[in-house]
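What follows is a set of notes on a single structure, which appears directly below.
What follows is calculated from the coordinates using simple rules that are stated; it is not laboratory data. Please read these numbers as outputs of a predicted model, since none were measured by experiment. Cβ sites come from the backbone with ideal geometry, for glycine too, and all protein chains shown count toward neighbours.
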Amino acid sequence: MPLLKASFIFTLGLATSLFISSSFAESQPTSQSTVKLKPVPELQDPPSDRFPGDPAEHKAVYMFNKADSGYQLGILNSIQAMIKRYGDNVDIAVVAIGPGLHVLAKEPKREVDELTYARVESFAKDYNVRWVACGNTMNTLHWTDSDMRPFAEYSEVGAAALMELQEEGYKPLVW
């Protein structure tokens with residue numbers, strides 16, 4: 001009798017475990033499932049007469065001013081999402097100030113994640129993302145243009161570059 005009771009308990013436990021596992025699996029998204037988002041009517045692109053190669057209808061500028069890898073990852077992921085969403089219909093500029101400047105250095109003095117370093121170059125070369133270095137920060141670090149990566153642009157004052165890009169129609173995207 002104890003063997004029968006133990007066998008019953010084992011079978012019951014196994015059945016419960018299988019039920020919970022299958023219920024959990026059904027509730028988990030699969031790599032093939034996609035989440036359907038409710039569109040926001042105001043955010044739908046109106047028809048455009050823009051021809052590929054025409055000036056972009058959208059302009060965004062980011063300030064890249066921290067060495068924190070999570071902060072940098074967030075900005076790089078946002079840049080990637082903007083490129084995915086708008087393709088060549090968005091001009092993106094990133095102004096690197098203070099600790100964020102090190103991603104533009106040939107030999108950074110602060111630790112820069114290897115993937116971050118590679119993505120910055122890829123965005124510049126493959127998607128024409130402009131990377132603007134703050135001249136004041138460069139001077140503080142005693143860096144010249146020979147210390148910077150070849151795609152880097154320069155502004156005497158990084159904050160002024162942010163303001164001037166906004167005056168040219170770039171929208172600031174803030175982290």
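A few points about this structure:
- Loop-located trypsin sites (Lys or Arg not before Pro) in the stretch 45-103 (DSSP state not H, G, I, E or B) with no more than 14 neighbouring Cβ atoms inside 10 Å: Arg50.
- Using a cut-off of 21 Å between Cα atoms, the listed pairs Lys106/Lys171; Lys38/Lys84; Lys59/Lys125; Lys59/Lys84 include Lys106/Lys171 as exceeding that distance.
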